[in-house]
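The values are calculated or read from the model by the stated rules, or taken from the named source; none is laboratory data. In this text the structure is predicted, and so the values were computed from the model without any measurement. Here the Cβ positions follow ideal geometry from the backbone for every residue, glycine too, while neighbour counts run over all protein chains shown.
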Amino acid sequence: MARADGRLTADLNPQDHGPQDACGVIGIYAPGEEVSKLTYFGMYALQHRGQESAGMAVSDGRHMMVFKDMGLVSQVFDEATLNSLQGHMAVGHTRYSTTGASIWDNAQPTFRSRQGGDGLALAHNGNLTNTGALEALIAERAPDTEVPHKDRMDSSNDTSLVTALMTTYDGTLEEVAAQVLPHLQGAFSLVFMDDHTLCAARDPQGIRPLVLGRLSSGWVVASETAAIDIVGGTFVREIEPGEMVAIDAAGLRTSRFAAARPKGCVFEYVYLARPDTVIAGRRIHNVRVKVGKILAQEHPADADLVIPVPESGTPAAIGYADESGIPYGMGLVKNSYVGRTFIQPSQTLRNLGIRLKLNPLRDVIEGRRIVVVDDSIVRGNTQRQLVRMLREAGAAEVHVRISSPPVQWPCFYGIDFATRAQLIAPGLDVEDICRSIGADSLGYVSLDGLVRATHVDADNLCRACFDGVYPVPVPVSARAVLADATHTNPNQEQQ
Ligand SMILES: O=P(O)(O)OC[C@H]1O[C@H](OP(=O)(O)OP(=O)(O)O)[C@H](O)[C@@H]1O
Ligand SMILES: NC(=O)CC[C@H](N)C(=O)O
Ligand code: SF4
Ligand SMILES: [Mg+2]
């Protein structure tokens, strides 16, 4: 598919995709360091969270420069650009769009001038569920302010509303944020700065991750601990749900804008986060291996070989093989140059597309009864094509095992799952889905098994895409659609 700027993208059809990811944010405050380069490395480490656009704002205490463009971090930035971005503090973002089109104007960090002349740059991971109310608030507070959605300004994402709202208040950045953050609903891990202060804030549910790290000469905040590792920092702690931290020449301060009601996204454990990241004290790789073991207990198979669907299916396949005693092997080779999601508009291209990303090792597959382990089934495209490919490669039997429960409901908190109609699971039982993907058997890990592997209390996790219990009110526009569903009714969890 051609993009607006005429370049090619790996997403041949943006309307037709799997879970994709959730945006990566990073902020660095480090006088004396080459901050733009550190931020670049951090963004590179967070590339898996968003591949549509990348951007960075850098300030030297007097001036702020923002550079962003469509594409991968490595396509957007080069040495000369990074050398021109001078300063001791920066905010970086890799975007996967959830509200507002995937266009340059919506690339982040968003930028606006503040009263008093400072710039304000803000980067967001998550998705806001009360954009209508925020538009109304901006209009009420500053009738002359152009409201991003309402006035059809170039940018139309939820994040721009936060930036616009902040510029309607006077005071220090911390004072402004303390007034604005309580108005936001939904998922938001924010990193933002003016020319003096770097701030980071996390929604009261802490739906998306956000962590704090120490650098030899400063601080780093990032979506995942892996980014802290990669910029040479030391993990300090998670930013708490409902907390804001501010970092400037006077050091680090923390404050709370709301009481914590933790509901971390369980899908971060399934697919979104890097395996080398730590959430709630657990390494994601280890949690995924554990889920694979539970999957083997819940859905054993009589087979000769366990193979992963790389990359995200690999740890669970290791766990499955370990627990079942069935040998583990690489049966599929993944092309490292194809991004997380590769989407194809027509059946012919779909068949080619899956092969471009994953190609079976015939010698390994032929004549064997295969257990193939993946992390999730969203629309079923990957598994349908994979099962056929494995059979063509001579598999005697294909048993599909999935290290998450069936995805039944859309996400409104920063993952653009297909609409409910496009998901394969609603209205079908596991037997139906097995038939639809053409496997000999299919087993999904139970929600209880998945939650157990995280070691987090089920009440402290969002599980809405699996059980329809939404911890934060969904957008008004979505309520009718969900209520009309002929399957189970989504429960709005009591606040
Ligand atoms: O049922 P579907 O709609 O096909 O979507 C599910 C697939 O999408 C994801 O992989 P993806 O290709 O996005 O990334 P990965 O390479 O990181 O596993 C996920 O790991 C499943 O394999
Ligand atoms: N996936 C995300 O975290 C997206 C952030 C924001 N909602 C946007 O669309 O730009
Ligand atoms: S609905 Fe699913 S993907 Fe979205 S935040 Fe909740 S658990 Fe995560
Ligand atoms: Mg996959």
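Restricting the search to segment 381-398, which residues are under 27 Å from LEU447 (Cα atoms) and buried (at least 18 other Cβ atoms within 10 Å of the Cβ)?
Within segment 381-398, ASN381, THR382, GLN383, ARG384, GLN385, LEU386, VAL387, VAL398 meet the criteria.
Being over 18 Å from HIS124 (Cβ atoms), in the same structural domain as ASN125 (by the TED database) and buried (at least 21 other Cβ atoms within 10 Å of the Cβ) narrows it down to one of THR254, THR225, so name that one.
Of the residues listed, the single one that is over 18 Å from HIS124 (Cβ atoms), in the same structural domain as ASN125 (by the TED database) and buried (at least 21 other Cβ atoms within 10 Å of the Cβ) is THR225.
Residues to consider are PRO310, PRO315, PRO300; find the one that is touching a helix residue (DSSP H, G or I) at 6+ places or on another chain (Cβ under 7 Å) and either assigned to a loop (DSSP other than H, G, I, E, B) or of a type in the set (D, E, K, R) (or both).
PRO300
I want to confirm something. Restricting to segment 1-34 and keeping residues that are assigned to a strand (DSSP E or B) and modelled with pLDDT under 65, which single residue is surrounded by the most Cβ atoms within 10 Å (Cβ to Cβ)?
If we take residues in segment 1-34 being assigned to a strand (DSSP E or B) and modelled with pLDDT under 65, then ASP11 is surrounded by the most Cβ atoms within 10 Å (Cβ to Cβ).
Output the number of residues of segment 422-477 satisfying the condition of being closer than 27 Å to LEU390 by Cα, more than 16 Å from ligand 1 (Cβ to nearest atom), surrounded by 15 or more Cβ atoms within 10 Å (Cβ to Cβ) and not polar (S, T, N, Q).
Residues in segment 422-477 being closer than 27 Å to LEU390 by Cα, more than 16 Å from ligand 1 (Cβ to nearest atom), surrounded by 15 or more Cβ atoms within 10 Å (Cβ to Cβ) and not polar (S, T, N, Q): 1 in total.
Can LEU295 be described as within 15 Å of ligand 1 (Cβ to nearest atom), over 30 Å from THR234 (Cα atoms) and touching a Phe, Trp or Tyr at 6+ places or on another chain (Cβ under 9 Å)?
Yes.
Just one of LEU210, LEU198, LEU215 is more than 25 Å from VAL476 (Cα to Cα), surrounded by 24 or more Cβ atoms within 10 Å (Cβ to Cβ) and more than 17 Å from the chain's Cα centre (by Cα); which is it?
LEU198
Do any residues in segment 464-480 that are within 18 Å of PRO204 (Cβ to Cβ) have Cβ atoms under 9 Å from those of residues that are basic (Lys, Arg) and assigned to a helix (DSSP H, G or I), where the two are at least six apart or on different chains, and which pairs are they?
PRO473/ARG479
Can you find, within segment 377-421, the residue that is nearest to LEU361 (Cα to Cα) among those that are of a type in the set (Ser, Thr, Tyr) and within 13 Å of ligand 1 (Cβ to nearest atom)?
THR382
If we scan segment 282-297, do we find a residue that is assigned to a loop (DSSP other than H, G, I, E, B) and either within 16 Å of ligand 2 (Cβ to nearest atom) or assigned by the TED database to the domain that holds TYR320 (or both)?
No, because not a single residue in segment 282-297 is assigned to a loop (DSSP other than H, G, I, E, B) and either within 16 Å of ligand 2 (Cβ to nearest atom) or assigned by the TED database to the domain that holds TYR320 (or both).
Under the condition of being over 19 Å from TYR271 (Cα atoms) and small (Gly, Ala, Ser), which residue from segment 407-462 is nearest to the chain's Cα centre (by Cα)?
It comes out as ALA421.
So, in segment 423-441, exactly how many residues are within 16 Å of ligand 4 (Cβ to nearest atom) and part of a helix (DSSP H, G or I)?
Counting residues in segment 423-441 that are within 16 Å of ligand 4 (Cβ to nearest atom) and part of a helix (DSSP H, G or I) gives 1.
Would you point out the residue of segment 366-380, among those that are away from ligand 4 (no atom under 13 Å from the Cβ) and in contact (Cβ under 8 Å) with a residue 40 or more places away in the chain, that is surrounded by the most Cβ atoms within 10 Å (Cβ to Cβ)?
Ranking the qualifying residues of segment 366-380, first place goes to VAL371.
In segment 242-275, which residues are charged (D, E, K, R) and either in a helix (DSSP H, G or I) or within 16 Å of ligand 1 (Cβ to nearest atom) (or both)?
Those that are charged (D, E, K, R) and either in a helix (DSSP H, G or I) or within 16 Å of ligand 1 (Cβ to nearest atom) (or both): GLU268, ARG274.
Filter segment 228-251 down to residues that are touching a Phe, Trp or Tyr at 6+ places or on another chain (Cβ under 8 Å) and within 12 Å of LEU210 (Cα to Cα) and give me whichever is surrounded by the most Cβ atoms within 10 Å (Cβ to Cβ).
Here the answer is ILE228.
Just a yes or no: is a residue in segment 319-326 at negative phi, in a strand (DSSP E or B) and away from ligand 1 (no atom under 15 Å from the Cβ)?
Looking for residues that are at negative phi, in a strand (DSSP E or B) and away from ligand 1 (no atom under 15 Å from the Cβ), one finds none in segment 319-326, hence no.
From PRO204, PRO143, PRO148, which residue is at pLDDT 95 or above and either in a helix (DSSP H, G or I) or of a type outside the set (Val, Ile, Thr) (or both)?
From the options PRO204, PRO143, PRO148, the qualifying one is PRO204.
From LYS68, LYS37, grab the single residue that is in a strand (DSSP E or B) and either within 16 Å of ligand 1 (Cβ to nearest atom) or assigned by the TED database to the domain that holds ALA250 (or both).
Matching residue, one of LYS68, LYS37: LYS68.
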